[in-house]
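Nothing in this text is a laboratory measurement; each read-out follows from the coordinates by a stated rule. Treat the numbers as computed from the prediction; the structure is a model and nothing was measured. Ideal geometry is used to build each Cβ from the backbone, glycine not excepted, and the neighbour counts take in all protein chains shown.
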Amino acid sequence: MPAVRKVLIANRGEIAVRIIRTCRTMGVASVAVYSEADADALHVRLADEAVAIGPAPARESYLAIEKLLAAADRSRADAVHPGYGFLAENAGFAAAVNDAGLTFIGPPPQAIATMGDKVVARTLMEQAGVPVVPATAVLPPDPAAFAAAASTLGFPVVIKAAAGGGGKGMRIVRRVEELPEAVAGAAREATAAFGDGRIYLERYLERPRHVEVQVFADTHGSVAHLGERECSIQRRHQKIVEESPSPAVDAALRAAMTDAAVRAAAAVDYVGAGTIEFLLDQEGRFYFLEMNTRLQVEHPITEWITGLDLVREQILVARGARLSFEAVTPRGHALECRLYSEDPAHQFLPATGTVHVLGEPSGAWVRFDSGITAGSRVGVEYDPLLAKISTFGATRDEARTRMLTALRETVLLGVVTNRDYLLAVVAHPAFAKGATHTEFLAEHFTGWTPPVGRHRDTAAALAALALGGPAPRTDDGARLGTTEPSPWETLGGWRPGTGQR
Amino acid sequence: MSRKTILVAGIPHVVELARRGEDVTARVDDVPLALTVQRDGQRWRVVGGDRTLAATVFRDRDTVWIAIDGEIHRCTAADDARTGGAGGGVHSPRVTAPMPGKVLAVRVEVGQEVAAGDPLVVLEAMKMETIVSADAAARVSAVNVTAGSMVEPGQVLVVLEFASPH
């Protein structure tokens, strides 16, 4: 039976921080890994030990399996937690960890591989009696093949990556003329994101809700569920607001969905924490979308309503323990908002910079998961998720009101974030009513501009005052603040007298 | 009284400012504003009328970030050349990168005619693709990047020459 006394966390950012904290509560030692871009990062500072694993680009650090295994070996870790993203759903990594004699805190490689291939997964789910959305097998990246398939399925359709997840390689297509660019783009994006360019076509459901079920399985054959989460509020297929329970799921539907989810997990001999994602249509029919064979970004809302620490449960299952719960009765309501470094007023383009000031929300039933501190650099190398704000309440409206307060308290200066956008979403009357679906943002928030606020005039005056003073020094000591940079500054990079460049 | 144009969320505001000690008399777009401002590093105490607000102010070159009463305002000094003249409704002939990232593909060549919405350059950052397309029908007069180039926000990717209006 594996001990799991020292865990290497093959990840960064808020999830690495979150895993380290649970390790500490369990008396388990933690080992952080970091790229050159993350040497001063919070997860590195919090872990018991940290190992450098290479340059900033992920494929040379957080995705470099041999470097991670070497780091585990060097630090004498006996287990590896992959977090989410990066290698979390890479069956080869899970197998390599196991082959190195370490415990992979996650499902068996075979379960990852099966669910990771969306086409294989679909077939298996159909066999297990789990409803699926009509779709094709993998198609050659040829617009004609896709056009033929689309006419059979009926528009709108969605192109998806067989190895996909997180919206990467996905393209919604409403008209046949859009297919050539969409097919080429999806294949390219899939290759870039997953190293696997295979794509297929699926019927696109209009305005469905995204509802997923958290499952947990142990190595003794028990599979349990921890209720559902609704994650319909998505931009570019990326979730930004999540909640549990779903306002659209009643007891009968919950029983049907959680049953199907447990069957789905059992069908792949699943072990550990996993999530079965469904689309729920307006008639209350649900369809298997995919299984995420890892901890989800939005797992804190399940923790709020169940009182469990899911990372702790993962570690216990990895040690071979039986599930510590059989049936949990969730109570209350939880919301989560994802704070991203992106500009919602400009197509959600990624924003970069330095976090100069960070005000974190707190108070009763408020949780702030983040991997940043004041001084953190936000670069282009990694996912733009900065932090997650989650709140709990006896009712949905109580949790929602707390979220509005918590978001207003979340102050990050130096990097453009989606905070004001999140505030507007959570305050929106349709959201307040629970009338959410995956087109919610497209319908209600297209052309959104930042709020004027009550104090914009005061802010303009204060800015003029701040700009009137002497120019502040930047980190590298250069004198800045002139409107017209001098050629000596723009040239940059020279250090006279040291012979270095 | 000093006079500056300050962009708040990209919208220009004309700020006239006079200061005597902590007392600030301002006109923002001709609306008068009287404030007392006590500054202690990034922590500013702002008294306006009978209300006192705590503000956090951070200046980063030409940009001032202000957190006040739960609001966050990103303010930028604008030179008058940028805000005064050419703005509103005219398509920019210089197509710039909207975000930092890598050029995946360049879809046009110098001399090529493009229609509104035609893709010019495909960018990638954080594993997401963004297609930069033409605002209006034009002829490509310069292409400044190649596939594989790393670009900064605002960097000119392609220069267009718009057909003269009839």
(request) Take the Cα atoms of the range A:343-462, find their three principal axes, and give me the spread along each one in whole Å, biggest first. (result) 37, 35, 34
(request) Using only the alpha carbons of chain B, determine the length spanned along each of the three principal axes and report them from longest to shortest in whole angstroms. (result) 61, 41, 21
(request) Taking the Cβ of each residue in A:ILE65, A:ILE199 as the centre, tally the other Cβ atoms inside 10 Å and list the residues starting with the fewest. (result) A:ILE65, A:ILE199
(request) Quantify how strongly other chains surround peptide A:348-355 by giving the mean number of their Cβ atoms within 10 Å of each of its Cβ atoms. (result) 5
(message) Classify chain A from the C-alpha gyration tensor, please: rounded if a/c falls under 1.5, else prolate or oblate depending on whether a/b exceeds b/c.
(response) rounded
(request) Select from the range A:1-97 those trypsin sites (Lys or Arg not before Pro) which occupy a DSSP coil region and have at most 13 other Cβ atoms within 10 Å, ordered by residue number. (result) A:ARG76
(message) Using only the alpha-carbon atoms of the range A:134-203 as identical scatterers, what base-10 log of I(q)/I(0) does the Debye formula give at q = 0.13, 0.24, 0.26 Å⁻¹?
(response) -0.27, -0.96, -1.12
(message) Let's see if you can work this out: charge +1 on each Lys and Arg Cβ, -1 on each Asp and Glu Cβ, no other charges. What is the dipole magnitude of the protein assembly as shown about its Cα centre, in debye to the nearest 20?
(response) 1000
(request) Please list A:176-182, B:2-8, A:266-272 highest first by mean number of surrounding beta-carbon atoms within 10 Å per residue. (result) A:266-272, B:2-8, A:176-182
(request) Within 10 Å of each Cβ in peptide B:104-115, how many partner chain Cβ atoms are there on average? Round it to a whole number, please. (result) 1
(request) Mind sorting A:VAL411, B:VAL95, A:VAL213 by how few other Cβ atoms lie within 10 Å of their own Cβ, fewest first? (result) A:VAL411, B:VAL95, A:VAL213
(message) To make sure I understand, if each residue's beta carbon is the centre and we count other beta carbons within 10 Å, what order do A:MET26, A:MET125, B:MET1, B:MET126 fall in, fewest to most?
(response) B:MET1, A:MET26, B:MET126, A:MET125
(message) How charged is the neighbourhood of A:VAL28? Take every other residue with its Cβ under 15 Å from the Cβ of A:VAL28, and add Lys/Arg as +1 and Asp/Glu as -1.
(response) +3
(request) Just order B:98-104, A:374-380, B:15-21, B:50-56 by mean Cβ neighbour count inside 10 Å, highest at the front, would you? (result) B:98-104, A:374-380, B:15-21, B:50-56
(message) With viscosity set to 1.002 mPa s at 20 °C, what whole-number translational diffusion coefficient in µm²/s follows for the range A:21-111 from Stokes-Einstein and a Kirkwood radius over Cα pairs?
(response) 160
(request) Run the numbers on chain B and let me know its relative contact order in percent, using alpha-carbon pairs under 8 Å that are six or more apart. (result) 15
(request) Using only the Cα atoms of the range B:2-83, build the gyration tensor, take square roots of its eigenvalues as a ≥ b ≥ c, and label the shape rounded, prolate or oblate: rounded if a/c is under 1.5, else prolate if a/b is larger than b/c, else oblate. (result) oblate
(message) Just checking the output field for B:52-64: average partner chain Cβ neighbours within 10 Å of each residue's Cβ?
(response) 6
(message) Give me, ordered by chain and number, the residues 5 or more places off A:THR354 or on other chains with an amide H under 5 Å from its own placed amide H.
(response) A:VAL378
(request) Calculate, in whole percent, how much of the Cα-Cα pair population of the range A:148-248 lies beyond 16 Å. (result) 65
